[in-house]
Structures are given as structure tokens and as C-alpha cells.
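Shown next, in C-alpha cells, is the structure this report addresses.
The values are calculated or read from the model by the stated rules, or taken from the named source; none is laboratory data. This structure is a prediction, so every number in the text was calculated from the model and none was measured. Using ideal geometry, Cβ is built from the backbone for each residue, glycine included, and neighbour counts are taken over all protein chains shown. Only protein heavy atoms, including side chains, enter the accessible area calculation; ligands, DNA and RNA are left aside. Shrake-Rupley method; radii C 1.70, N 1.55, O 1.52, S 1.80 Å.
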Amino acid sequence: LETLNFSFPAGSQEVLRKVQVGIVASGNLEVLLEPAANAYSQVRIRTSASGFGETWKALLQVFFDRHDVAACFEINDCGASPPVVLLRLEQALEESL
Amino acid sequence: MKGESFCERTARERARVLLDQGTFRELLDPFARLESPHLPPQGIVPQSDDGVVVARGSIRSKEALVVSVEGGFQGGSIGEVGGAKIAGALEMALRDSARGRPVISVLVLDTAGIRLQEANLGILVLSEIHSAIVELREYVPVVGVIAGKIGCFGGMGIAAALCSLLIGTEIGRLGLNGPEVIEQEAGIAEFDATDRQLIWKIMGCRRRMEIGQIDLLVQDSDSALAETIAEYCEKTWLEPGARVPRTRQIESQLKKISDYPILQRIPEKLSPSARTSVNSRGLLWFQALTENSGVTPEAKSVLAADLQWGGESVRATVVVPNVVARFPRARDGQVGIEEGWEIARLVREAMTADEGKEKRALLAIVDAPGQAFGINEEILGLHQSLAAAVDAYATARRAGHPTVALIVGKAISGAFLAHGLQCGQILAINDEDIEVHVMSEASVARITRRSPEEITSLANLVRATARDIRSFASLGAVDQLVNCDDSHPIDAHCVATVRSKILQAICEIRLFPRDPKMRLDSPASQESRKMSLVVRKALEAEWG
């Protein structure tokens, strides 16, 4: 189990509600999304696949480039592939607006 | 959502579709952040709801509770937090129902049973879940739905058998021991866990329906399941006791079992169970405590004796090895298909005899290496047999029979749930050789994909996974550890000590009746079962 923390400057779009999507099952992940507490969009990841810090960073950069949001994310990951992660993040965001 | 697959949904969605539209209100939702504190130290990523969704709402405008287990997370296994959510919710429904505010309760089951990584915390909470269902179903319908790919096994299979109505779907399976565990414990000749056809032929809900172990087989659709449950609840509303629960149909089940032609999977002479010498601490203690009061251990695996101790009448019961037992997998003292029903029969016999009189005490002497792992047992519904024993002890306890368990040997898994854990007090001999656990080390290694060495080192980290009696006592589960300097051979002094402790326990229970959840009041639980207490408190606050 590896824990990773990232933060990105908060965007202009605020989220309206807390959202939970996904399940911590093999190849899947759970995302909890909440309004940002401060000027940063913070992301905490706990993952069963260690050593992918750079991949996560790049992936989150893609997400925050695409969406100008202010939100905190908590991710419980059970070895999901990058497309699955991106899909879950998008799903969480969509449900929070 | 009409016509959509219910089984494909997540636990949260399943709870939502069973409640009247717009009434779903989740208690202790993911943002309550009540996750398992025991998984991360073992390198396992936790889930924010610990795999259990508790929701309130209504079913056809009547107050309802839906508890839904997520099979996708850790096989729907029941750990401390998830288990406390289930038990706590049922306890709240019971509180309200007993006060004249009935709460229909639905359990959506997609679970492999106790979470091996939280072991003895799981077995304790399962005993609390069982106790709550037995009591709650006297007030309101308690409906079980087996709705996912995992099915429903282990201690939760017992819980399913206790429900007032049990609904299955084609995809679901029901049993006590999962196929992999049977293969591990009894060998591939007994059960091939890769043979999917065999698994569904024996454990599939369709088969369980055909032999009367579930009540209804319903098409896998939201509307079909929601309507079936609503109609049943409407029909049996406030008359939940109209039918005899299957766990009380003892005579007919014992008849079915005696008529059943046993499949011999392994040649008799090779069977590892076919031993001739009997080395049973349970038998030794039973003989010592009953002073061999006229029982013949030959050809019987459940022994019982009625004793007069001072002014107390006590019925002592023990499961012992029986080399000529009909079922080969239950010859080493396991609680098998015959044993579970026989325990239930003995307990209920005492209840009937004592009706309107002083209720005799029931003493469960516990030394069982586990439930029986075998194909015959699963075919006949071992989960039901153990549920019958659970039901009998829980009902006797509530009727005013003081119930005491005395652990003298192994207290493992389903055997302990059936014979011991429903008792008001648990005593144990303080001895290195005593073992309390949910599964053998070999099976734990196989299911959790860890080496036996890793499992041993985890026991030091997470005390609930340790197997010794002192670790179990540290969970607040043992009312008294009795010191016997040299317990084999059992000397007269030691027997006298144990007897006086049992009498003391009986006396305490007569003054202050106890149930399994009261173990949480013990000083030891305050720290070692902290999350169980936190969850219940939070649930009560959100219950409304």
C-alpha cells in the first residue's frame, strides 16, 4: 500500500456536492470528491500498486488541465489502469455539478 | 429503472432501488469516513464505507431499513466496521420495532462471510448480527436477498438462514463453506473448487429453492425484486410470526438427513477422519463435569447430560469425536449437519420441558475444530443446521435460560458461532493449547494469498487475527479466564474451580440477563473494539 499526495492550484469552478463513485475492487477504484478547503485542489491517493507516483502525477495533470475546478479528491485504488482512473474522476466531477 | 439488472448494481444502488423512490437516506455514508483501521497495516487499501451501505427509507410507505453488502470490495467480507454497521442498524431497528415503531428490515447479501484479516473481530460481530436477527424477526419481516456473484457464505450464510424470508436470484449462491475452503480442508476429491457446474448444482440459489432452503427465486430485475419484497412485507406486516422459521423445523430436517444417501468421495480406509483413538478435551471435560453421569460416548457426537449443582439444574452439551459418525467429515468433533440440528433439538427440548417453570441453565462445552467441510454437508445445507443451533441458543437465552459457554479446547469458526457464541457468558480455561479462530492457517493462507509465515507475523500486528485464548480475551469476549495449573489430566481441584465459576456465571445471568452485544460493555472492549463502539454511537446519532 502506497500513499501519495498531490496538490494543484484550485480552478474557478466550484463543486456543489460531495460525491462518491466506484469500488475498491481489482482494477477499479473509489473516488471521493468534496469542495476544496483552500486555494488548492488536493488529491490523496492510497493505492495497492506501489511505484507509480509519476504516472499519477501526469494523469492528474491531464485531468486538471481539462477541468478548471476547485475540489478535493480522495482516491482508494486497487490497481486501476489510467483510463479507468480518468473515467472515474470525470464521473465524480459530473455528478458533483 | 424498470427491468434493469439488480445484480449488476453496486450495493448502494441496490439499496436505493429497493426503497420507495426518493426516500433513500444513507446512514454513515462514505464521508463519515468510517473505514477499516485494520486493513492498511496489512497493506490493503480500505474502502470509505467498509463495503457496507446502511440506508433508511420506506417500502410502500412503511418505515424500512436496507443493509446492503458490497461484494466487489474484499469479497463482501465482514470486518469490524462493516459488521458493526450491520449489527448496529439491526439493533436500532429492533429498538424501534419493540417500542411499537416497526422497521421492515432488508439485508442485501453479497458476501463471503467473516473478513479473515479481521478474524475474531468478525466472529464476534457475526454473533451480534445473528442475535439481532433472531430477535427482530419476531416484530417485523427480516428479508434476505442473495443478489451478487459472491453469493452468501460463512457466518453470513447462517444469517441468511435466520431471515424470515429468503430470496435468491439465478446468479446467487448460498452455503456455509466456500468451494475453495472445502477443497483446501478436505482435498480435491471431496470438492473441486474449479468445477463451476458442480458449485452451482449444489449451492446455486435455483437448487436451494428446489430443496426448500430459500423461499423465492426472483428474476434479476430491480422491479421484480422490489415488488416481491414489498408484497411480502405488506402481506406479513405485523404478523411475522405466522410461519415456522426454517431453523425451527428440526424434526423434519433430522428426518431428511437420516434419509439422505451419503456420497462417499474418498474411499473409507483412506479417509483422514477414520481414526480410532479419541483424544478430545471436550469429552474429558464433559466427563469430569458430569461425573460420567450415565452417558455413552460411543456412536454419538453430541452428548448431553442434566445435572443438579446445588440448587441449579444445568444441561451440559458437548460435541465430541465420533469415529462411526455417518458423515465422514464430522468424525473429529466438528459441528456438522447432524450436530447442528441435534444441538438445536437438545436446547429446545429443555425449553419445552421448562415452560412455566424455573428455566434450567444451558452449558455449552466448546471443543470443536470447526464446522464439517464436506460436499454432503453443503448439499444438505450446513448453514441452516448451524443457524438452527444459533436460533435455539438465542431463543433460550431470551426466554430466561442462563446460557454459559466453557471453552476447553478449540473454538473455531462456524462451530463456535453455533455452539458457544450465543451464550450470555463465555468462560475459558487459561491454557496455551486453546485456540479461537475463524479458519485454519492453511485455508487463511490460500484465501488471502499470503504465506503461513506472513500470517503468523500479522497476528502480532493485528491481535484479532491471533489464535490464542488471551488474545481473544483481549477483545472483551471472555468473561472469565479460569486458571488450571495442569488441565490434562483434569484434576478434581480444577474441576471444582471450573464448576464454581460456571455457577457464579449462571447466578450473575439470573440477576442481569446478558446478550452478545453486551460484550462491548467490557473494559477490554473499550480499546480493542473501539470502532465497534464508535460505529454504533454514530449510527444511533444518524438514525433519527
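So, B:ALA399, is that one within 26 Å of B:LYS530 (Cα to Cα) and aliphatic (A, V, I, L, M) or not? Against the criterion (within 26 Å of B:LYS530 (Cα to Cα) and aliphatic (A, V, I, L, M)), B:ALA399 does not qualify.
Remark: B:ILE129 falls outside the filter, which requires a residue to be open to solvent by 10 Å² or more (accessible area, probe 1.4 Å) and either in a helix (DSSP H, G or I) or not charged (D, E, K, R) (or both). Annotation: B:LEU176 fulfils all but one of (1) assigned to a loop (DSSP other than H, G, I, E, B); (2) among the aliphatic types (A, V, I, L, M); (3) open to solvent by 20 Å² or more (accessible area, probe 1.4 Å); the unmet one is (3).
Between B:ILE167, B:ILE229, B:ILE171, B:ILE188, the distinction of being in a helix (DSSP H, G or I) and either more than 27 Å from B:GLU138 (Cα to Cα) or at pLDDT 95 or above (or both) belongs to B:ILE229 only. For the stretch A:26-51, what are the residues that are in contact with a helix residue (DSSP H, G or I) (Cβ under 9 Å, 6 or more places away or on another chain) and surrounded by fewer than 19 Cβ atoms within 10 Å (Cβ to Cβ)? Result: A:GLY27, A:GLU34, A:PRO35. Checking each residue in the stretch A:81-97 for being over 12 Å from the mean Cα position of the chain (by Cα) and not hydroxyl-bearing (Ser, Thr, Tyr) picks out A:PRO83, A:GLU94, A:GLU95, A:LEU97. Which count do you get for residues in the stretch B:174-185 that are more than 14 Å from B:GLN384 (Cα to Cα) and either without any contact (Cβ under 8 Å) to a residue 60 or more places away in the chain or aliphatic (A, V, I, L, M) (or both)? The number of residues fulfilling the criteria is 4. Number of residues in the stretch B:39-63 that are within 14 Å of chain A (Cβ to nearest Cβ), in a strand (DSSP E or B) and in contact with a Phe, Trp or Tyr (Cβ under 8 Å, 6 or more places away or on another chain): the value is 1. Evaluated against (1) in a strand (DSSP E or B); (2) touching a helix residue (DSSP H, G or I) at 6+ places or on another chain (Cβ under 8 Å); (3) open to solvent by 10 Å² or more (accessible area, probe 1.4 Å), B:CYS484 falls short on exactly one condition, (1). The one condition from (1) within 13 Å of the chain's Cα centre (by Cα); (2) surrounded by fewer than 21 Cβ atoms within 10 Å (Cβ to Cβ); (3) in contact (Cβ under 8 Å) with a residue 24 or more places away in the chain that A:ALA58 does not meet is (3). Restricting attention to the stretch A:64-97, which residues are touching a residue at least 40 places away in the same chain (Cβ under 8 Å) and of a type in the set (Lys, Arg)? Across the stretch A:64-97, the qualifying residue is only A:ARG88.
Just to verify a result, which residue in the stretch B:29-38, among those that are surrounded by 15 or more Cβ atoms within 10 Å (Cβ to Cβ) and within 18 Å of A:VAL31 (Cα to Cα), is farthest from the other protein chains (Cβ to nearest Cβ)? Residue satisfying both the conditions and the ranking: B:LEU34. Within the stretch B:64-116, being in a loop (DSSP other than H, G, I, E, B) and within 14 Å of chain A (Cβ to nearest Cβ) holds for B:GLU70, B:GLY71, B:GLY72, B:PHE73, B:GLY79, B:ASP110, B:ALA112, B:ARG115. Specify the residue that is nearest to B:GLU170 (Cα to Cα); the eligible residues are those in the stretch B:198-218 that are open to solvent by 20 Å² or more (accessible area, probe 1.4 Å) and in contact with a Leu (Cβ under 8 Å, 6 or more places away or on another chain). In this case the residue turns out to be B:ARG206. Just checking, does the stretch B:7-22 include any residue being of a type outside the set (A, V, I, L, M), surrounded by 22 or more Cβ atoms within 10 Å (Cβ to Cβ) and within 14 Å of another protein chain (Cβ to nearest Cβ)? Within the stretch B:7-22 (the criterion being of a type outside the set (A, V, I, L, M), surrounded by 22 or more Cβ atoms within 10 Å (Cβ to Cβ) and within 14 Å of another protein chain (Cβ to nearest Cβ)), the answer is yes, since at least one residue qualifies.
Looking at the stretch A:1-84, the strands (runs of 3 or more DSSP E) lying wholly inside it that each contain 1 or more residues that are closer than 26 Å to B:THR111 by Cα, touching a Pro at 6+ places or on another chain (Cβ under 8 Å) and within 14 Å of another protein chain (Cβ to nearest Cβ) sit at A:19-22, A:29-35, A:40-47, A:69-77. Every condition in (1) out of contact with any helix residue (DSSP H, G or I) (no Cβ under 7 Å at 6 or more places or on another chain); (2) at pLDDT 95 or above; (3) open to solvent by 20 Å² or more (accessible area, probe 1.4 Å) is met by B:LYS517 except one, and the failing one is (1).
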